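The values are calculated or read from the model by the stated rules, or taken from the named source; none is laboratory data. Remember, it's a predicted structure, so these values are computed and weren't measured experimentally. Cβ: placed from backbone, ideal geometry, glycine included. Neighbour counts: every protein chain shown. Only protein heavy atoms, including side chains, enter the accessible area calculation; ligands, DNA and RNA are left aside. Shrake-Rupley method; radii C 1.70, N 1.55, O 1.52, S 1.80 Å.
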Amino acid sequence: MRLIIKKKRGILFLLLTALTIAGSAVLLPADGMFTLNAAEQTKEIVVGTNAEYSPFEYRDSDGELTGFDYDLLEAIAEVQGIELVWNDLPFDSLMGSMEAGDIQIIAAAVGPTEERERSVNFSDVYYTGSQSIICNEGADITEFADLTGKTVAVLEGSMSDLIVSGENTDYGMVEDADVKRFKTASSAVMELMNQGADAVVIDTIMAEIYCDQTTGIIYTEVPGTEEDTVFCIQKGNTVLTELINEGLAKVRENGTYDELYEKYFSGEGEDTAAADEEQGFLGKLKFIFLDENRWQYYVSGVEITILISILSTLVGTLIGLFVAIVRLRADRMKRKSIVAGIAALYVDIIRGTPSVLQLMIIYFAVFHSRLGYLAAVVSFGINSGAYVSEVIRGGILAVDKGQTEAGRSLGMSYTDTMSFVILPQAVKNILPALGNEFVQLIKETSILGYVGILDLTKAASYVSSRTYQMFIPLVAAGVIYYVIVKLLTILLGKFERRLRDSD
Amino acid sequence: MIKIRHLQKSFGQVRVLKDISTEIRKGECVCVIGPSGSGKSTFLRCINLLEQPDGGGIEVDGRDILDPGLKIDDYRKEVGMVFQHFNLFPNMTVKRNIMLAPMRVLGLPEEECSGKALKLLRQVGLESKADTYPNKLSGGQKQRVAIARALAMNPKVLLFDEPTSALDPEMVGEVLHVMKELAEGGMTMIVVTHEMGFAREVSDRVLFIDHGVILEDRPPRELFGRPENERTKEFLAKILT
């Protein structure tokens, strides 16, 4: 038994490795193949960012990327004659994407740490910020020493995270803090307000905005934490690094830099959303959903969620049908084939691993952060196929054995019996279950945000980060999910009843 | 026409057929009787290879059908089977039930199959039900359609596996009537049944099977008139009271 288990694990590992290597080899140019020659620049430069860090990078009301970093780098590109392509990714996968050669620049308010310097080049400093501690009024947490033994919320992978985790001690020691890491600033602040954390450590510029919006919390800037912000450039690409530095100097000279600084950091920037506390609950709703047409995020989020769910169900059904027939055939022949073995292993692996990991592996490792929608459909299709194959297998096995015997006793082949007699009957067992799979997928696709797709959940989280409101945008998404799922369930119920009546 | 030699079949540890040998001639109607669990149905299912025998031999028209090189589908189209539970295809009309195999297996044109289906339905008295779905038929009607479906392949022999056991008593007669007409028309038939009246009246020979062996193999008048074996007597006494 132990031996068998060991062997299976080995196969699993090999399979995953093979899959990854095959994916990389087929889909992508090898790392480092892409080196920029500034003089004869024809290719576009791909910039990675994470548009959830207003005012540095975020999306405006039309869903377009904007922010200080964005405008600054675009201005640099313009004076230097470079074409930029922006790729919105989770913050913690930016470094990985650069190492994989998928992006050449990171513009995401990154601090120049020694650790990072090992894998990337840094541009000159373009902004200097500082760290602040936010706490509830009266808590009196104002310096790093006060954080000892406290629960501290931070933005995952940010400079604050490094400081609080004790990895970066340049600005002072934080000892024995219990760190909670969040993907958005708004959820970190939410955690504080819900008493889930004693303090939030975050960039001063963000702390300022949140404390302005929210009563009951105050921030203190920590002296001596002034930190630089740089662009990261592919390791060893000195041509591009110099190009960026030169451009930065030019925009500082021509006044563009000051304009942008004024626009984003003076607190009067038109893109910095602000809640109007005076207007009460309805005013808040208007501010969250109607101002800057933010409801449109929800509309496009619903579209994306439903579209990806439908396509994934279709792909899953095709895969599931194939796998089910392969496995049933092997059972019938009472002998094991390699294909059936692989099919069984596939079902086993997919059902035994979290879908969010499957999605990230397929998007980052196989698709190398490209063709996000396709990667999502492939990933959820593969995931769904494993479940659907069991549904189809069950549906086929549930058809009376006498039907197969009748077909075969008339001299009909297995395939003919299957296609004309068994499958048409199995469809009645299978269709309702397929509908359920679709409904399940609508909820399961809420992890699409991990690969930067603006589905309904991500849209809500985005609106939350833009409005500095934590509760209402997320509840709104929940209500929308519920209504969609409920409507579909009712429709399915009707459909199922009609199928049954036709017997 | 069918020669069966020392046929054996086990399911796991249970030896269902121990040693069955017999011969069925062309045009003969043979009834197989015996207590439940005696192996009658398994015997029948071995003949069209719905069960793969473990030992012995079956020869049909001089062909060894246990030869691994045999094309099973080609063989089966010559051997029709009628099941206890009818096994009509619920997803198609009565006529389509009958047409499916001739079209798919024999490759006959649709029109020809349709004409033939209607002719067969007339033969079993169900012409008016051609476009009905099976779930709208009574048990007796279903079984008559099942017989028509088997006949559509022009089989050399028809196997009946307790064709009237799942029927309400008032419907048994209509099915037996069709079977009797077939037997009189010279069809080779092997019928596993509990209908002693049919066995006595229609069959040419009756096999009494118990515990996986044939205990009696005689014309019905002899078997029912003066059964020799103790167990046959016991069985007949029970079933005929």
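For a quick check of your reading of the model, give me the residue pairs whose first member lies in the range B:108-119 and is among the basic types (Lys, Arg), whose second is open to solvent by less than 50 Å² (accessible area, probe 1.4 Å), with beta-carbon atoms closer than 9 Å and at least 6 apart or on different chains.
B:Lys116/B:Ile98; B:Lys116/B:Met99; B:Lys116/B:Pro102; B:Lys116/B:Ala152
Would you tally the residues in the range B:137-168 being assigned to a loop (DSSP other than H, G, I, E, B) and polar (S, T, N, Q)?
4
For the list (1) within 14 Å of chain A (Cβ to nearest Cβ); (2) buried (at least 16 other Cβ atoms within 10 Å of the Cβ), I need the number of the one condition that B:Lys9 fails.
Failing condition for B:Lys9: (1).
Would you mind finding the one in B:Lys136, B:Lys129 that is away from every other protein chain (no Cβ under 12 Å) and either open to solvent by 50 Å² or more (accessible area, probe 1.4 Å) or under 14 Å from B:Lys95 (Cα atoms) (or both)?
Unique residue meeting the criteria: B:Lys129.
Could you grab the pairs with beta carbons closer than 6 Å, sequence gap of 6+ or different chains, first residue in the range A:172-194 and under 15 Å from A:Gly449 (Cβ atoms), second one open to solvent by less than 30 Å² (accessible area, probe 1.4 Å) and among the charged types (D, E, K, R)?
Close Cβ pairs (under 6 Å, with a partner that is open to solvent by less than 30 Å² (accessible area, probe 1.4 Å) and among the charged types (D, E, K, R)) amount to A:Thr184/A:Glu52.
When both residues are 6+ apart or on different chains and their Cβ atoms are under 6 Å apart, which pairs have a first residue that lies in the range A:286-299 and is in contact (Cβ under 8 Å) with a residue 12 or more places away in the chain, and a second that is assigned to a helix (DSSP H, G or I) and surrounded by fewer than 19 Cβ atoms within 10 Å (Cβ to Cβ)?
Every condition considered, the pairs that remain are A:Ile288/A:Ile472; A:Phe289/A:Trp295.
Just one of (1) at pLDDT 85 or above; (2) farther than 19 Å from A:Ile163 by Cβ; (3) part of a helix (DSSP H, G or I) trips up A:Leu192, so point out which.
(2)
Can you report the number of residues in the range A:458-486 which are of a type in the set (Val, Ile, Thr) and at pLDDT 90 or above?
6
The conditions are (1) within 8 Å of chain A (Cβ to nearest Cβ); (2) in a helix (DSSP H, G or I); (3) open to solvent by 60 Å² or more (accessible area, probe 1.4 Å), and B:Leu100 fails exactly one of them. Which is it?
(3)
Considering every residue within the range A:471-489, establish whether at least one is open to solvent by 90 Å² or more (accessible area, probe 1.4 Å), assigned by TED's automatic domain parsing to the domain that holds A:Ser300 and of a type in the set (A, V, I, L, M).
Yes, the conditions are met somewhere in the range A:471-489.
Within the range B:140-160, take every residue that is free of Cβ contacts under 8 Å to residues at least 60 places away in the same chain and open to solvent by less than 20 Å² (accessible area, probe 1.4 Å) and give me the one that is farthest from B:Val32 (Cα to Cα).
So, considering only residues that are free of Cβ contacts under 8 Å to residues at least 60 places away in the same chain and open to solvent by less than 20 Å² (accessible area, probe 1.4 Å), the one farthest from B:Val32 (Cα to Cα) is B:Ala152.
List the helices (runs of 4 or more DSSP H) inside the range A:60-165, counting only whole elements, that have at least 3 residues being crowded, with 16+ Cβ neighbours inside 10 Å and not assigned by TED's automatic domain parsing to the domain that holds A:Asp178.
The qualifying helices (runs of 4 or more DSSP H) are A:68-80, A:94-99.
Can you report the number of residues in the range A:455-464 which are open to solvent by 10 Å² or more (accessible area, probe 1.4 Å) and not basic (Lys, Arg)?
Total satisfying the criteria: 2.
Does B:Lys71 fit the bill of being surrounded by fewer than 21 Cβ atoms within 10 Å (Cβ to Cβ), basic (Lys, Arg), within 14 Å of chain A (Cβ to nearest Cβ) and under 19 Å from A:Leu410 (Cβ atoms)?
yes
Do we find a residue being on the phi > 0 side of the Ramachandran plot, within 14 Å of another protein chain (Cβ to nearest Cβ) and under 20 Å from the mean Cα position of the chain (by Cα) anywhere in the range B:144-154?
Yes, some residue in the range B:144-154 is on the phi > 0 side of the Ramachandran plot, within 14 Å of another protein chain (Cβ to nearest Cβ) and under 20 Å from the mean Cα position of the chain (by Cα).
Could you grab me the full set of residues in the range A:166-189 that are part of a loop (DSSP other than H, G, I, E, B) and not hydrophobic (A, V, I, L, M, F, W, C)?
Across the range A:166-189, the qualifying residues are A:Gly166, A:Glu167, A:Asn168, A:Thr169, A:Asp170, A:Tyr171, A:Gly172, A:Glu175, A:Asp176, A:Lys183, A:Thr184.
Could you please let me know if A:Glu444 is open to solvent by 20 Å² or more (accessible area, probe 1.4 Å) and within 16 Å of the chain's Cα centre (by Cα)?
Yes, satisfied.
Kindly indicate whether A:Val427 is outside any helix (DSSP H, G or I), in contact (Cβ under 8 Å) with a residue 24 or more places away in the chain and open to solvent by 10 Å² or more (accessible area, probe 1.4 Å).
no
Mind listing just one residue for me: the one in the range B:117-126 that is open to solvent by less than 80 Å² (accessible area, probe 1.4 Å) and on the phi < 0 side of the Ramachandran plot and, of those, farthest from the chain's Cα centre (by Cα)?
This residue is B:Leu118.
If you scan the range B:74-85, which residues turn out to be under 18 Å from A:Lys401 (Cβ atoms) and at the interface with another protein chain (Cβ under 8 Å from one of its Cβ atoms)?
B:Arg76, B:Met81, B:Phe83, B:His85
Under the condition of being open to solvent by less than 10 Å² (accessible area, probe 1.4 Å) and aliphatic (A, V, I, L, M), which residue from the range A:376-409 is nearest to A:Thr353 (Cα to Cα)?
Of everything passing the filter in the range A:376-409, A:Ala386 is nearest to A:Thr353 (Cα to Cα).
Could you check the range A:195-246 for strands (runs of 3 or more DSSP E) lying wholly inside it with 2 or more residues that are closer than 17 Å to A:Thr142 by Cβ?
The strands (runs of 3 or more DSSP E) meeting that bar are A:199-203, A:217-221.
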